[in-house]
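Asks: Sending over a structure as structure tokens; questions will come in a sec.
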Amino acid sequence: MATEQPTSHLFVIWAPDYTDEDAINRRLAVRSEHLRVAKLNEEEGYVTAVNGPLLSPESIAAPDAPKKMVGSMLVVRAASIEEVRAKVESDVYWTGNVWDKEKLVIAPFITKAIL
């Protein structure tokens, strides 16, 4: 008898950063750890290829404009929204007060693209 695999769903995480003056410094201080764990999560199939930093509008005003990170957006694969919430709350951007805890959104997501 074949073992049934748990149902997997896609979720989008919209995680704007706090906007205080020191927010970018907190982000940069833990960024390497965030990226290390994100790579592991991608290898495990949790994080899809659709992910990255949100940029300020000024970041695209000119080809050579400095890129200012102001948050994160990820599409992830998980069995439940509770699983996603637990992963988010264990991320150093959450524990390090980079992501704005009141503005962060996790929502089920569907797409025609193959992720």
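The values are calculated or read from the model by the stated rules, or taken from the named source; none is laboratory data. Source: prediction; values computed, not measured. Please note: Cβ atoms are built from the backbone with ideal geometry, for glycine as well, and neighbour counts cover all protein chains shown.
Conditions tested, residue by residue: (1) more than 24 Å from SER8 (Cβ to Cβ); (2) among the small types (Gly, Ala, Ser).
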{"residue": "ARG36", "(1), (2)": "no, no"}
{"residue": "LYS39", "(1), (2)": "no, no"}
{"residue": "ALA61", "(1), (2)": "yes, yes"}
{"residue": "MET69", "(1), (2)": "yes, no"}
{"residue": "LEU74", "(1), (2)": "no, no"}
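Asks: Next question. How about the range 8-30: which of its residues are among the hydrophobic types (A, V, I, L, M, F, W, C) and assigned to a helix (DSSP H, G or I)?
Replies: ALA23, ILE24, LEU28, ALA29, VAL30
Asks: While we're looking at this one, here's another question. Got at least one residue in the range 55-67 being touching a residue at least 24 places away in the same chain (Cβ under 8 Å) and touching a helix residue (DSSP H, G or I) at 6+ places or on another chain (Cβ under 9 Å)?
Replies: The answer is no, given that none of the residues of the range 55-67 is touching a residue at least 24 places away in the same chain (Cβ under 8 Å) and touching a helix residue (DSSP H, G or I) at 6+ places or on another chain (Cβ under 9 Å).
Conditions tested, residue by residue: (1) of a type in the set (Val, Ile, Thr); (2) at pLDDT below 95.
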| site | (1), (2) |
| --- | --- |
| PRO16 | no, no |
| ARG31 | no, no |
| ARG36 | no, no |
| LYS67 | no, yes |
| GLY71 | no, no |
| ALA78 | no, no |
| ILE81 | yes, no |
| VAL88 | yes, no |
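Asks: Testing PRO6 on (1) in contact with an Asp or Glu (Cβ under 6 Å, 6 or more places away or on another chain); (2) modelled with pLDDT under 95, one condition comes back false. Which one is that?
Replies: Of everything listed in (1) in contact with an Asp or Glu (Cβ under 6 Å, 6 or more places away or on another chain); (2) modelled with pLDDT under 95, PRO6 misses just condition (1).
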